[in-house]
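FYI, it's all coordinate maths here, none of it is from the lab. No experiment lies behind these values; they were computed from the predicted model shown. Positions of Cβ are backbone-derived with ideal geometry, glycine not excepted, and every protein chain shown enters the neighbour counts.
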Amino acid sequence: MSAPELGIGIVGYGGMGKAHSLAYVLAPRVRELPAAPRLRVISGRNGAAVEHAARSLGFERFTSDWREVVAAADVDIVDVCTPPGTHAEIVEAAAQAGKAVLCEKPLAAELGDAVRAVAAVRRASVRNAIGFNYRRLPALALMKQLIDEGRVGEPRLWRGAFLTDEFVDPEIPHDWRFTRAEGASTVADLGAHLIDLAGWMVGEITATCAQSETFIRSRSSNGELREVDVDDASAALLRFGGGAIGVLETARVCPRRPCDFTVEVNGDRGTLRFDYARLNELWYGDGAEPPELYGVRRIRAEHPSHPQTEGWWPLGQGIGYGETFVNQAADLLAQWPDGAWTPDLAVGLEVQAVCETIERAAAERRWVEVAEVRSPAAV
């Protein structure tokens, strides 16, 4: 018997909208799933652009009003791929309509909005997930697995950096990305991925101190200069509940660094390191090995025994950025209709609280406990 159809409605037709759309098309071609996703409707503010996106991506129809996506009787999952400042309103409406929700990271631009989003899905008891797609990369999933297996012992040190050159040109015009209330901070936009991975692998982050800087403080918009209230670069020291400490850096003004992020964990018995520039590799150093084998070894994270390789290419071919979204869609759809979706919006809220803590620590130039900013409603 054929799998029942599952209607997909996507809000937002930009890069994330495209990535999520392609993922739903490919997921049932990579894995056998209990439900068959169908691209019903996509929305966007620019009518001509969203019409083109709908046709190129294979949607049945399009609209310039996201509320029509939420209200559509043939939509079962509302997938939110708009700027962060718009997420909470859409999530709330989708939950109230009884729809399952997948929301891109960060969950919101403000912690209060993230709290609202989580409260909405809890009230409605709808399935929900946050889009931390890098968890679905085999090398990072293997890193998590090896840490859980004790291959590095007790984690002591964590460090992560996410560097891009997205904003390095001062002639880039002002748009929503340079307004914190719409596009969120660089800490939240890039750092959300790192903070999620840190919490997933090492444990709860409890306190931070930080510094931030905006180097290009205004940009042109229709011939007028507008203030930029988003950080170009930030760095933070972290403390984890289990006793580990960490360092985080995010920046969007690094020339010739297109999308470079690294993650490293040092335990009391070993080291694991990941570099996105070689995204199918994981580096492992075992402190128990004899001196003649001193150093770190390269693991090709492509073996069928490795997590997140199911349904993909033969050993040695690797996977790329797009496949992380396919794995994400497949993992969620595989749990339809009764299994657990992970990570859920509550995880997104915890990440948002850490982002807020980093921003407050930078503004106030002091150590800040995450408990200081976490709302009681988020518990």
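Out of (i) 32, 27, 20; (ii) 35, 24, 21; (iii) 39, 32, 18, which label holds the value of semi-axes √(5λ) of the Cα gyration tensor in Å that was computed here? Step by step, semi-axes √(5λ) of the Cα gyration tensor in Å for this structure corresponds to label (i). Taken about its Cα centre, segment 304-363 carries a charge dipole of about 140 debye when Lys and Arg each add +1 at the Cβ and Asp and Glu each add -1 at the Cβ. Of ALA362, ALA114, ALA353, the residue with the greatest mean-square motion in the GNM of the chain, using alpha carbon springs below 10 Å, is ALA362. With 0.36 nm allotted per residue and the present C-alpha distance subtracted, the GLU32-THR342 stretch has 109.7 nm of extension available. Computed from backbone phi with θ = phi - 60° and the Karplus coefficients 6.51, -1.76 and 1.60, the 3J(HN,Hα) list for segment 123-135 is 4, 7, 6, 9, 5, 8, 8, 9, x, 8, 5, 5, 4 Hz; x is used for glycine and proline.
Projecting the Cα positions of VAL265, HIS306, HIS193 onto the charge dipole of the chain (unit charges on Cβ atoms of Lys, Arg, Asp and Glu, taken about the Cα centre) puts HIS306 furthest along the positive direction. Rounded to the nearest whole Hz, the Karplus-based 3J(HN,Hα) values (6.51 cos²θ - 1.76 cosθ + 1.60, θ = phi - 60°) of segment 67-77 follow the sequence 5, 5, 5, 4, 7, 4, 5, 9, 9, 9, 10, with x at glycine and proline. A viscosity of 0.890 mPa s and a temperature of 25 °C, combined with the Kirkwood radius over Cα pairs in Stokes-Einstein, give a translational diffusion coefficient for segment 5-134 of 169 µm²/s.
Dipole size of segment 5-134 about its Cα centre, with +1 on Lys/Arg Cβ and -1 on Asp/Glu Cβ: approximately 200 debye, rounded to the nearest 20.
Placing unit charges on the Cβ atoms only, positive for Lys and Arg and negative for Asp and Glu, gives the chain a dipole magnitude near 340 debye about its Cα centre. Note on segment 110-259: percent of Cα-Cα distances in each 10 Å bin, starting at 0 and stopping at the bin with the largest distance, equals 10, 31, 33, 20, 5, 1. Sorted ascending by nearby beta carbons within 10 Å, beginning with the fewest, CYS259, CYS355 become CYS259, CYS355. Neighbour counting of Cβ atoms within 10 Å sorts the residues SER220, SER43, fewest neighbours leading, into SER220, SER43. Here is how the number arises for the chain: DSSP H runs of 4 or more residues each give -39500 (n - 2.57), the sum is divided by the residue count, and the result at 222 nm is -9500 deg cm²/dmol. Under 5 Å from the amide H of ALA36 lie the amide H atoms of GLU5, LEU6, each residue being 5 or more positions distant or on a separate chain, with H modelled from the backbone and absent for Pro and chain starts. What shape does segment 47-86 have by the C-alpha gyration tensor, where a ≥ b ≥ c are the square roots of the eigenvalues, rounded means a/c under 1.5, and otherwise prolate means a/b greater than b/c and oblate the rest? Here segment 47-86 falls in the oblate category. Sequence-ordered 3J(HN,Hα) estimates for segment 22-29 from the Karplus curve with 6.51, -1.76 and 1.60 and θ = phi - 60° stand at 4, 5, 5, 5, 7, 3, x, 8 Hz, glycine and proline given as x. Ranking GLY85, ALA54, SER21 by how far each Cα lies toward the positive end of the dipole of segment 5-134 (charges on Cβ) leaves SER21 at the top. Exposure proxy ranking for SER56, SER305, SER212, based on other Cβ atoms within 10 angstrom of each Cβ and starting from the fewest, stands as SER305, SER56, SER212. Projecting the Cα atoms of ALA114, VAL75, ALA36 onto the charge dipole of the chain (Cβ charges, centred on the Cα centre) puts ALA36 farthest toward the positive pole.
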